[in-house]
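Visitor: What follows is a single structure, and I will ask about it in a moment.
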Amino acid sequence: MGDKMITNGKFGKYGGIFVPELLIPALEELEIAFLKYKDDKKFNAELECYLREFAGRPTALYYARNLSQKLGCKIYLKREDMLHTGAHKINNTLGQGLLAKYMGKTRLIAETGAGQHGIATAVVGALLEIPTEVYMGSEDVERQKLNVFRMELSDAKVLPVYNGSCTLKDAINQAFRDWIANVETTHYLIGSTMGPHPYPSMVKHFQSIIGKETKKQIYEKEGKLPDTIIACVGGGSNSIGIFSQFLKDENVELIGVEGGGDGVNSGRTGATLSAGTEGVLHGSLSFVLQNDDGQIREAHSVSAGLDYPGVGPEHSYLKVTGRANYVAITNEEALRGFKLLSQYEGIIPALESAHAVAYAEKYAKNEENKGKTIVVNLSGRGDKDMFIVAEKMGC
């Protein structure tokens with residue numbers, strides 16, 4: 001597997017370029033630049049310096065002793081929550097931001113749901129001295145006020161979107177409209193492994209550092225590969241980042257955890273791979289939440305970062321080929337995962353990551369899985385979600 005599955009921007013039949021003709025030159029320019037610089041020594045030396053000295057890499061692979069004893073498995077946490085800005089998003093924004101600088105772009109735009117990608121883009125814009133604007137659904141602006149303030153502190157302009165469901169999907173739509181109008185000066189810094197080619201492959205490349213570090217670290221700690229890797233899936237960047245280095249290791253079980261919302265069959269869910277069907281959204285063929293007429297349904301999750309009716313095309317490929325398994329965790333279960341990790345390890349996860357923690361508990365309770373070595377990708381920290389969780393728990 002690995003990069004051999006990519007043909008003309010596709011993973012099997014998934015992916016591709018389904019965009020207005022006006023964007024084709026911009027995507028071609030981006031692909032040429034990415035292919036030129038991804039192996040360039042100067043570019044990579046600069047990026048590695050930023051990742052190490054600005055973002056705080058490498059992140060630890062932490063043995064969760066208390067949780068392991070409770071659940072009967074060896075549970076390790078890949079601590080992406082310890083990065084600058086609080087999540088894995090900084091890996092990709094540093095890579096794309098630096099690429100935009102090398103391309104001579106003078107403006108960055110981005111979309112954000114939970115706000116972590118917006119913050120990561122904002123700080124990179126400040127670092128590289130590139131003016132930055134971030135589109136955010138008005139509903140997400142309201143439930144993630146702290147992150148909005150953090151973006152504005154880094155001198156980014158936050159642009160609320162009042163169309164549609166007023167969430168991530170609509171922020172992406174507006175960002176694409178902006179990019180079409182300003183392609184010559186602007187780089188659209190997409191935050192996940194979705195969108196038209198080359199974005200899924202490019203974001204995977206910048207996030208693959210998670211998997212590279214994890215593989216090295218688990219060998220150092222255990223002398224072998226893990227039995228299972230569990231990561232949350234919205235668009236899918238943190239999960240593809242950690243999965244990427246284990247795709248060829250078929251004895252390693254890969255599990256993606258979607259935002260189940262009120263339940264997969266409730267009509268209020270973000271579990272695209274569990275409840276969706278094949279369709280085109282935001283420039284690529286993948287699984288999407290849609291009705292019988294092909295109209296995109298609104299997604300729902302307690303986590304703004306999993307509240308998206310699509311998913312990266314490589315995840316669709318991994319699902320249909322059976323290389324990865326995808327499951328859904330409800331809002332209620334995610335809140336339990338949030339509380340569980342906080343109580344047993346003193347680590348407060350992002351609500352997105354809490355979905356992976358919650359499924360790790362379910363997985364470990366199965367007698368067949370007792371004693372297994374599990375890596376949970378802790379993609380972000382929960383500071384941003386404290387008010388939401390307090391409200392849901394009646395505090």
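The values are calculated or read from the model by the stated rules, or taken from the named source; none is laboratory data. Since we're looking at a predicted model, the values are computed, not measured. Here the Cβ positions follow ideal geometry from the backbone for every residue, glycine too, while neighbour counts run over all protein chains shown. Side chains included, ligands, DNA and RNA excluded: accessible areas come from the protein's heavy atoms. Shrake-Rupley method; radii C 1.70, N 1.55, O 1.52, S 1.80 Å.
Visitor: If we scan the stretch 305-315, do we find a residue that is in contact with a helix residue (DSSP H, G or I) (Cβ under 8 Å, 6 or more places away or on another chain) and over 16 Å from S192 (Cβ atoms)?
Guide: Taking every residue of the stretch 305-315 in turn, none turns out to be in contact with a helix residue (DSSP H, G or I) (Cβ under 8 Å, 6 or more places away or on another chain) and over 16 Å from S192 (Cβ atoms).
Visitor: Right, something else. Check I348, I374 and return the single one that is surrounded by fewer than 21 Cβ atoms within 10 Å (Cβ to Cβ) and of a type in the set (V, I, T).
Guide: After ruling out the rest, the residue left standing is I348.
Visitor: Mind telling me which of the residues V252, V264, V233, V257 ends up being hydrophobic (A, V, I, L, M, F, W, C) and more than 14 Å from N325 (Cα to Cα)?
Guide: Every option except V264 fails the conditions.
Visitor: Can you find, within the stretch 353-371, the residue that is nearest to N251 (Cα to Cα) among those that are of a type outside the set (G, A, S), open to solvent by less than 40 Å² (accessible area, probe 1.4 Å) and within 20 Å of the chain's Cα centre (by Cα)?
Guide: Once the filter is applied, the top-ranked residue is V357.
Visitor: Got at least one residue in the stretch 78-91 being under 15 Å from the mean Cα position of the chain (by Cα), open to solvent by 10 Å² or more (accessible area, probe 1.4 Å), over 26 Å from Y162 (Cα atoms) and in contact (Cβ under 8 Å) with a residue 12 or more places away in the chain?
Guide: Yes.
Visitor: So, one more: Given the conditions (1) crowded, with 22+ Cβ neighbours inside 10 Å; (2) at pLDDT below 95; (3) over 24 Å from S274 (Cβ atoms); (4) touching a strand residue (DSSP E or B) at 6+ places or on another chain (Cβ under 7 Å), and given that H197 satisfies all but one, which numbered condition is not satisfied?
Guide: (2)
Visitor: Just checking, does the stretch 14-29 include any residue being at pLDDT 95 or above, hydroxyl-bearing (S, T, Y) and within 24 Å of D249 (Cα to Cα)?
Guide: Yes, there is a match, as at least one residue in the stretch 14-29 is at pLDDT 95 or above, hydroxyl-bearing (S, T, Y) and within 24 Å of D249 (Cα to Cα).
Visitor: I'd like the full set of residues that are surrounded by fewer than 24 Cβ atoms within 10 Å (Cβ to Cβ) and in contact (Cβ under 8 Å) with a residue 60 or more places away in the chain, limited to the stretch 117-138.
Guide: Correct list: L127 only.
Visitor: Also, quick follow-up: Quick one: how many residues across the stretch 25-48 are among the hydrophobic types (A, V, I, L, M, F, W, C), farther than 24 Å from H117 by Cβ and open to solvent by 90 Å² or more (accessible area, probe 1.4 Å)?
Guide: So the answer is 1.
Here is a yes/no grid of residues against (1) in contact with a Leu (Cβ under 9 Å, 6 or more places away or on another chain); (2) of a type in the set (D, E, K, R); (3) outside any helix (DSSP H, G or I):
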{"residue": "V19", "(1), (2), (3)": "yes, no, yes"}
{"residue": "P25", "(1), (2), (3)": "no, no, no"}
{"residue": "D39", "(1), (2), (3)": "no, yes, yes"}
{"residue": "N44", "(1), (2), (3)": "no, no, no"}
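Okay, residues lined up against (1) over 19 Å from K215 (Cα atoms); (2) of a type in the set (F, W, Y):
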{"residue": "C49", "(1), (2)": "yes, no"}
{"residue": "G56", "(1), (2)": "no, no"}
{"residue": "Y62", "(1), (2)": "no, yes"}
{"residue": "L67", "(1), (2)": "yes, no"}
{"residue": "K70", "(1), (2)": "yes, no"}
{"residue": "Y76", "(1), (2)": "no, yes"}
{"residue": "R79", "(1), (2)": "no, no"}
{"residue": "K89", "(1), (2)": "yes, no"}
{"residue": "T93", "(1), (2)": "yes, no"}
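Visitor: Kindly indicate which of K216, K212, K204 is in contact (Cβ under 8 Å) with a residue 12 or more places away in the chain and either surrounded by fewer than 18 Cβ atoms within 10 Å (Cβ to Cβ) or aliphatic (A, V, I, L, M) (or both).
Guide: Testing whether each residue is in contact (Cβ under 8 Å) with a residue 12 or more places away in the chain and either surrounded by fewer than 18 Cβ atoms within 10 Å (Cβ to Cβ) or aliphatic (A, V, I, L, M) (or both) leaves just K212.
Visitor: So, of the residues in the stretch 49-69 that are of a type in the set (S, T, N, Q) and open to solvent by less than 40 Å² (accessible area, probe 1.4 Å), which turns out to be nearest to the chain's Cα centre (by Cα)?
Guide: Filtering the stretch 49-69 for residues that are of a type in the set (S, T, N, Q) and open to solvent by less than 40 Å² (accessible area, probe 1.4 Å), the one nearest to the chain's Cα centre (by Cα) comes out as T59.
Visitor: Among the candidates T330, T321, single out the residue that is modelled with pLDDT of 95 or more and within 19 Å of G234 (Cβ to Cβ).
Guide: When all the criteria are applied, what remains is T330.
Visitor: Go through (1) more than 16 Å from N377 (Cα to Cα); (2) within 21 Å of the chain's Cα centre (by Cα); (3) in a loop (DSSP other than H, G, I, E, B) for E184 and report which single condition fails.
Guide: All conditions pass for E184, except number (2).
Visitor: Look at I172 and say whether it is over 23 Å from D39 (Cα atoms), open to solvent by less than 40 Å² (accessible area, probe 1.4 Å) and within 20 Å of the chain's Cα centre (by Cα).
Guide: Yes; evaluated as a whole, the condition is true for this residue.
Visitor: Additional query: Pick from the stretch 267-304 the residues that are in contact with a helix residue (DSSP H, G or I) (Cβ under 8 Å, 6 or more places away or on another chain) and of a type in the set (V, I, T): which of them is farthest from L335 (Cα to Cα)?
Guide: Only one residue fits best here, namely I296.
Visitor: Looking only at the stretch 259-281, count how many residues are of a type outside the set (D, E), at pLDDT 95 or above and more than 21 Å from A356 (Cα to Cα).
Guide: Here the count works out to 4.
Visitor: Looking at S244, S239, which one is under 15 Å from V376 (Cα atoms), hydroxyl-bearing (S, T, Y) and in contact with a Cys (Cβ under 9 Å, 6 or more places away or on another chain)?
Guide: Checking each option against the conditions leaves just S239.
Per-residue answers, yes or no, for (1) within 29 Å of G394 (Cβ to Cβ); (2) open to solvent by 10 Å² or more (accessible area, probe 1.4 Å):
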site: F246; (1), (2): no, no
site: D249; (1), (2): no, yes
site: L254; (1), (2): no, no
site: V264; (1), (2): yes, yes
site: V311; (1), (2): no, no
site: V327; (1), (2): yes, yes
site: L335; (1), (2): yes, yes
